[in-house]
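The values are calculated or read from the model by the stated rules, or taken from the named source; none is laboratory data. Computed from a predicted structure; not experimentally measured. In this analysis, Cβ positions are derived from the backbone assuming ideal geometry, glycine residues included, and neighbour counts consider all displayed protein chains.
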Amino acid sequence: MYYTPDNSPVPRSKMKLFAGIAVLAALAAPASTLAADAAGKPVCLDVNRIDHTEVLNSRQILFYMYGKKVWLNTLTNNCSTLTRQDGFAWESSITKYCDNLEIIRVLRTGQVCTLGAFTPYEKTSNPS
C-alpha cells in the first residue's frame, strides 16, 4: 500500500494503473524525443547492476553501477520535492530501467516524477 502526502492510502492497483499510463505515454512519444545509445537503442540499466544512487538536485540523479560505471539521469521535468535527504522509490516488474519509461515516487511527499535520458557520467577532478 502506498500513501499520498496527506497520508490517505492509495491501492496498489491504482499505482500500477498510473505506472501503466506513464509507460504508454512514453511509448507514444515521437522517437526523436527518446534517448538512444550509440547503436540507436534506448539506454537501459540492469537493476541487478545498480549499486546505489545519488540525488544531485531536483532534476538529476546519479546511478552508480557495480564495476564503477556511473550514469546520469536527467528527469523529464523538475521534481521539486526530490532532495538528497528524501530519497525515492520505484516499483516495476521489469528488470531493466530504460530511458524515459520509469516513474519514481519521492518518499517523503509522494510526488511522482519521470526518469529521463541516461547519459554516461564522469566526475571531473579539481586540480590542486
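Worth a mention:
- Test: residue in region 83-95 that is among the small types (Gly, Ala, Ser), over 9 Å from the mean Cα position of the chain (by Cα) and closer than 18 Å to PRO42 by Cα: yes
- Checked against the criterion of being without any contact (Cβ under 8 Å) to a residue 24 or more places away in the chain and among the β-branched types (Val, Ile, Thr), region 117-127 has at least one qualifying residue.
- Filter result for the condition that a residue is in contact with a helix residue (DSSP H, G or I) (Cβ under 8 Å, 6 or more places away or on another chain) and farther than 18 Å from PRO42 by Cα, over VAL112, VAL106: VAL112
- Within region 104-116, if we keep just the residues that are in a loop (DSSP other than H, G, I, E, B) and in contact (Cβ under 8 Å) with a residue 24 or more places away in the chain, the residue that is surrounded by the most Cβ atoms within 10 Å (Cβ to Cβ) turns out to be LEU115.
- The condition of being among the aliphatic types (A, V, I, L, M), in a loop (DSSP other than H, G, I, E, B) and modelled with pLDDT of 90 or more holds for only one of LEU72, LEU82, LEU62, LEU101, that being LEU82.
- For region 89-98, the condition holds for no residue, the condition being that it is touching a helix residue (DSSP H, G or I) at 6+ places or on another chain (Cβ under 8 Å) and at pLDDT 95 or above.
- Among the residues of this structure, GLU122 counts as one that is part of a loop (DSSP other than H, G, I, E, B) and among the acidic types (Asp, Glu).
- As a summary of the residue check, HIS52 satisfies the conditions (1) out of contact with any Asp or Glu (no Cβ under 8 Å at 6 or more places or on another chain); (2) at pLDDT 90 or above; (3) crowded, with 16+ Cβ neighbours inside 10 Å; (4) not in a loop (DSSP other than H, G, I, E, B) except for the one numbered (3).
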